[in-house]
Structure formats: C-alpha cells, structure tokens
C-alpha cells in the first residue's frame, strides 16, 4: 500500500486500519511482514451507520473504559458510539443550564463534566467515530427528578416525566441546547420507548390537564414525543427515536426521523415502506446483554431482511449492537462486547456477497481478529459459546 | 504532603501512590481535593516480598495485558511479578542459547522475544516491581521437547525432563545464562512441584542410568533439583522452589533457598523452623483461579499463622497470590485478579494491628479501591461473592 486514496480523512483512517491488520511481526526476521503482497484493495462500507450502544446510567463507565471501547470500535470499523447517557437509575452528566440534574448521579464521583464529554467526543472524532447522545424521554427518566422533583408527576409516582408541566420541556430545551455545543453529530437520540403512562392518569393535576386538553394518555405520549422532536430540531439536530414512537404514531413523526428498531426483526420493512429511515438493533440478535446470543447469531442478522425495493433499502442507514448496562460495568464490558460486536461489524461493512452464508467459513477470521484485539489490549472474550465465556482449558488463542 | 522522605526511589513511588489515593476530583470547585489535611503518614511494608503470579504457558498473555497487570500491582503496592513463563503446554519465550525451545509455543505470534522480556522487566522496574522468572523443572516442562525432543525421556513418555541426559542440564544452564542478562531480580524460581516420575522408571535408558547410579526416582528427583539449583547459583541467582522440594529433601536444599508454599497452610512454620526462608501462597486461600475464594478469604489469610518466634517470623519474606492460567487469558485476567489480590496486598503491607479482624470494617475501603481501579482503567470485578462475578443489578460502584 504505497498509495492510499480516500474521499475523507475517515476513509484514510479505515484504510490504515485495514493495512495494519494485513501486517504482522515476523519472529525470524524481526521485521514487520506483509503476506501475499502486492495488495490492491478497493473498499467502502455497505452501511453509513455502524453503531454500538453503551449505557452509563445503569452502571457508571469511567472515561478510560469508554475510550477503550472507542479504540476497539475503530479496529472493527464501527463508526457511531450511541451514548445512552441517562436513564431512570442515574443522571451522570453535567447540564450547565440545569445544574441540579446530576444530583441524580449515583455519587459525587460517578459523573461526567462537560469537559469530560468534550474529551470523549474529541477522542472519538479523531478515530472516525461519531458520538450519538441520547436522552430517553418521557419514560426512562426518573433520575431527572432527583434534582428537579417538579419533573415527576408526583413524589410517589415518578415516571414518565410530567407531560403537563411546561418546565419539563424547558429542561429538555436546556439539555439539548447544552448538548448542541458538545455533541456535533447531526443526530440526537430522544428515546421514546417503554412509556408506562399510568402515573399520568393516577396523578390528579395531570389527569385534569389531560381532560382540559381533550387528550388520552396515548395522545399525551405522542404530544410529548413530537414536542421534544421540535425542540431537538430547533437546535439543529435530526432525531432518532426508538421504534415504539413509529409503531404508535409513525405518520406524525418528523419526516426526517430515524426509527431505531429494537423489539423484533420485522419493523424495518414497515419503517422504510413508510418512507422513514431506520437503524436495526433487534434485541433477539444484536443485544449484547443477551449472553445467550452467540457470535454466529450476530453475524447472520441481516438488516435488509424482507426489504427488496432498492429505494427502501437505502433508507436502512445501518445497524447497531447494544450493550445495555444492567450487568455491565468497567469490569466486564469489553469481553461482553467483543468479539460478538465485530461479527455484526463485518456484516455492516462488507458487501453482502462477501458475507459468509455458513458461519464456519468466518470462524477462523473472527478468531484471529479476537486475538488481534487481545494483542492490542482489548479484553475480547473467546469465540466459543455464549457471551463473555472464559476459556475453559489451556490452548492457543485461535482455538478458544 | 509537601515533604516526602523515603530511603529508596521505590519508597518514594509508594508514597506518591498513597498521596494519589488521598486526592480526588471535586466536582463543585473543579479542583483536586485532599480531605482532612494536614496528613502525616509514616509508612513501611510489613513484608518485603509481595507477589502476584501470572502464567503465560496455559494461555499466552499479550504484552499490553502484562503491562496492565503491572500497573494495577503498583496501585496496591505489590512488588514482585512472578512470571511463570513456561509449563508443559507451551514455551513462549525466546532463548537465544537454544533457539528451538520456543518451537514449543502455541503459535508464531504467541511468543515473547528477548526484547519483549526486557521491555516487561524495564516497565516493571520503573514502577517498583521486580520480575521473578520461573522455569518449572523437572515436571511441567513437556513443551521444552518440541524443539529438542532429546529432553523427553522418550517420544511416548514426555515428562519430566530426562534426568539422565547431560543435555538437559546444558539447556537449563543456557536458559539461566540468558535469563541472567534480562531478569535482574536476585531470585529465580526453579519450580520443582508435582513431579510424576513414572516416565523415568518406564524408559529403559533412564532406568538403566538410575541403576548404574544407585538411585531410586526419589533420589533422582532430588539430584535434579539440587543440580538445577547449583546452575542458577552459578549465574548469580538465589533460588526459589515450590514446597515439594522442601517436603521431600529440605535439609539438602541450598541454605539460601526460599521455599514457596502452595499446598496447605501449615508448611511455613516447618520451613522457618528449619531455618529456610518462605513465601506463602497456600492454594485454599491465595489462589486466584479458585473462583469460590472470596475477597474475605484473601484478606484473612495470615502468613505468620502458627509462627510465634520472632526470628522465625523474619524468615517469612512475604506472600504471593497466584493467577494460574488454565481459564484465564487477556479477556478475563484483570477481573479475576482484582480486587481480591488487593485484599491480600493490604495484609502484606499494613502492620498486623491495622488489619481488620472483622472484614466488614474493610469492605467499604476495598470497595472504594476497586472503584479507583476501574477509574484508572483496570477491570476490577465487583466485591460481592466469588471471583470475577458480574454486577447483578444497576447501582453505584461502591455497592456492587
């Protein structure tokens, strides 16, 4: 590779990554070797969006851990770090506009300052990785009320966020305004999944508001999501929402919305048939916290399944593997993500005709890749069996 | 700590480590804070030898992984990395004197060059950690014969090393000569454990040699260990041997031998009563591969148990936790070592009167230390339960 041509600096980065993976240390000559040269590689990603979700609410992830995840992403050419920053359990990030929000963090030290967030974004950017920030509203937001209890429907009924209170939307506006100074990726993720509206009907002042506005809870859910979308758009973002928003009122979503599939494998065809863009993360295949999901399942999951129209295929902008944080912290996140995420990454990068139909022909390649990750300091787990298994007997790396 | 006094640079390093652990980032002032100042700390280790064993034969450990282990050792003031380099499964290290020895490595890439070994030793030295190299003879050495089959009793009976062949001792001499240029710690470890001598009696030429020399296999085992000791001493080393050598012929060992206990908790009193030095690693308490061993067990294991005489107590130079590699590789070694090794490290460092008798009073301290390790990029596992457990529900770091 005496010559390297790329349209962007990120293409050049990916090319250098490929080049580094062709090289190996020759123990006899003590030189870096390159087998089967000359090489002529013409390469481009199949999907522009190749994501990995991390969740810093269920467990705090130290900066060093997040940077380690980003490093490993670049080795497998994943290019979007979906940072599910806050959730009902904790609010770890500083929001200068509403400085009491991070009172909902687990502790004084389990927090990210704005400079920390900038540090992560810059670290990722230098490596060709975009950071997609998420605030998941109106459900999954109980921790917001630790600092501002008026965001809760009531002290005894704390989720979803109070839809009847203008302050709720002022806070969302403040967060997204602060985000827009840090998270420069064109998308922001507004969540919208798993909204249990019972607190809205059980809380007198919200019930009254619903009546006054002639809304049922389903209307109110839609109202909330659409109003939050408008705020995000006003700060220059395009919006990603979890699929429930589409399933419930897809025709009302902003037309530039990207629908993030997670429940099943059949939503993407409906989304693109409706003319909206889609990201595929169906939980039965691409949720990394499902430890019984093997790398073969990750590898075989086809984002375009059931989508035959070329125009519609283009609306699937990519896919994402999700590392939810309930049983993950700095101690075990790397071997729960890797190497299974890399199996999905190959499908997201390579032309469909180069994807093996029989995973056996991909095994030795992925196995060597996991050893390369280990060499580079990434705690990628053995291939065999379920997620994050330990090696069960002595042996060479590629046979684990 | 405007003033720091230490007798050696390593004392100063330890003091800076202590200092760094007193400091924390204040999220309100954005400054590094130091609670309860002024501090006046006068500190010294209880035992000079505070070790951790890693095993690069059962699984190869990449350099990045070993360096990560060394970094974490310094945080808990462990100061000896016992590198169990080779074993029956693989011979990963380059030996210039006998360049075919590493033919017994798992693969061309699962190898350490001499410059790699020098890199590890220097990396460790800069952090106040000595590297104790081990070749475990005459058992645990089957991999040696891949490159030099004449080291095997026969092609069908490959362990222990051929005691009757002078070449065996020439190779040991070559290895220790090469080691002496790299591993500058005053000790070398010669193993000597778990010797199954049946190949010696089953192999005609060795049986004949035993008869000619009027030896039974027990004599031959002793002969082997003592001859290997002499070779090590000729290269300037003092020798550490596993306890079987002492249990079988302790009065014949070189008087400067350090006996490394591993089987049970009662050998140290016998070793020091015999006037030899001892390192404590009893497997029921300090073997990190025993996943059912909890941190409380690591913490409560007292190296001087049953040794009341002060002179004899001084012969216990320290202790070591052992991370055997059968089910460990780069993917899971950190969370299998930490935080349990740190519990033992406190006992090896702090005065006995400061060690909690009730582990409950040490829990919050160790819990915070594990979170500090995470912050520093070390994948230390949750405290609760067995070795390397995953966090089982969302929560703050200190409550896992």
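Where a number appears in this text, it was derived from the coordinates with a stated rule and is not lab data. What you see is a predicted model; the values in this text were computed from it and never measured. Cβ placement follows ideal geometry from the backbone for every residue including glycine, while neighbour counts extend to all protein chains displayed.
For residue A:230, inter-copy separations between label points set 7 Å beyond Cα along the Cβ vector come to 9.4 nm, shortest first. Panel order for A:46, A:347, by other beta carbons found within 10 Å of each beta carbon, from fewest to most: A:46, A:347. Shown for residue A:356: label points 7 Å from Cα along the beta-carbon vector, and their distances to the equivalent points in the other copies, 5.0 nm in ascending order.
Measuring r between the beta carbons of residue B:249 and residue A:27 and using R0 = 41 Å, the FRET efficiency lands at 0.55.
Modelled spin labels at residue A:205 and residue B:5, positioned 7 Å past Cα toward Cβ, are 6.5 nm from each other. Max-minus-min Cα coordinates of the stretch A:1-44 on each principal axis give 38, 17, 15 Å, with the largest extent listed first. Distance from the C-alpha centroid of the stretch A:1-59 to that of the stretch A:354-400: 18 Å, rounded to the whole angstrom. A protection proxy built from the mean count of other Cβ atoms within 10 Å ranks the segments B:9-15, A:315-321, most packed first, as A:315-321, B:9-15.
Counting neighbouring beta carbons within 10 Å and listing from fewest to most, the residues A:371, B:23 come out as B:23, A:371. Just to confirm the number: angle between the C-alpha axis of helix B:63-75 and the first principal axis of chain B, 0 to 90 degrees, nearest 10? Rounded to the nearest ten degrees, it is 50. If I fit a long axis through the Cα atoms of helix A:217-234 and take the longest principal axis of the Cα atoms of chain A, what angle between them do I get, 0 to 90°, rounded to 10? Computed tilt is about 60 degrees.
Panel note: the C-alpha atoms of the stretch B:45-399, placed on their principal axes, show extents of 67, 49, 34 Å (largest first).
Three principal axis extents of the protein assembly as shown based on alpha-carbon atoms, in descending order, are 104, 66, 41 Å. Restricting to the protein assembly as shown, what percent of DSSP beta bridges are antiparallel, rounded to 5? Approximately 15 percent, going by the DSSP bridge assignments. Name the shape class, rounded, prolate or oblate, that the alpha-carbon gyration tensor gives for the stretch B:309-371, where a ≥ b ≥ c are the square roots of its eigenvalues, rounded holds for a/c under 1.5, and otherwise prolate holds if a/b is larger than b/c and oblate otherwise. Oblate is the answer for the stretch B:309-371, as a/c is 1.5 or above yet b/c matches or exceeds a/b.
Counting, for every residue in B:371-377, the Cβ atoms of other protein chains within 10 Å of its Cβ and taking the mean gives 6.
Between rounded, prolate and oblate, where does the stretch A:83-201 land on the alpha carbon gyration tensor, with a ≥ b ≥ c its root eigenvalues, rounded for a/c under 1.5, else prolate if a/b exceeds b/c? Cα axes put the stretch A:83-201 in the prolate bin. By Cβ position, the chain B residue that hugs the axis carrying B onto A most closely, with its distance in whole Å, is B:379, 3. Within chain B, antiparallel bridges make up roughly 15 percent of the DSSP beta bridges whose residues both belong there. Which angle between 0 and 90 degrees, to the nearest 10, do you get for helix B:114-126 versus the longest principal axis of chain B when only C-alpha atoms count? On a 0 to 90 degree scale, this one is about 40. Peptide B:105-112 shows a mean partner chain C-beta count of 5 within 10 Å per residue C-beta.
Considered as an equivalent ellipsoid built on the Cα gyration tensor, the stretch B:261-400 has semi-axes of 29, 17, 11 Å, the largest given first. Our estimate of slack between residue A:186 and residue A:41, defined as 0.36 nm per intervening residue step minus the Cα-Cα distance, is 49.2 nm. When the P(r) is computed for the stretch A:161-200, the part past 13 Å accounts for 63% of the Cα-Cα pairs. With its label point put 7 Å out from Cα toward Cβ, residue B:194 sits 4.5 nm from the same residue's point in the other copies, in order from shortest.
Here the residues B:142, B:255, ranked from fewest to most Cβ neighbours within 10 Å of their Cβ, fall in the order B:255, B:142. Taking every DSSP helix (H) stretch of at least 4 residues in chain A, weighting each as -39,500 (n - 2.57) and dividing the sum by the residue count yields a mean residue ellipticity at 222 nm of -11000 deg cm²/dmol.
Stretching the chain fully between residue A:311 and residue A:274 yields a gain of 12.2 nm (0.36 nm per residue, less the alpha carbon separation). For residue A:235 and residue B:216, the FRET efficiency from 1/(1 + (r/R0)^6), where r spans their Cβ atoms and R0 equals 60 Å, is about 0.10.
Quotient of the Cα radius of gyration of the stretch B:1-90 and 2.2 N^0.38 Å, N being its number of residues: 1.45. Computed over chain A, relative contact order equals 15 percent, with contacts defined as Cα pairs under 8 Å that lie 6+ residues apart. Site pair residue A:256 and residue B:263 shows an inter-label distance of 7.5 nm when each label is modelled 7 Å from Cα along Cα→Cβ.
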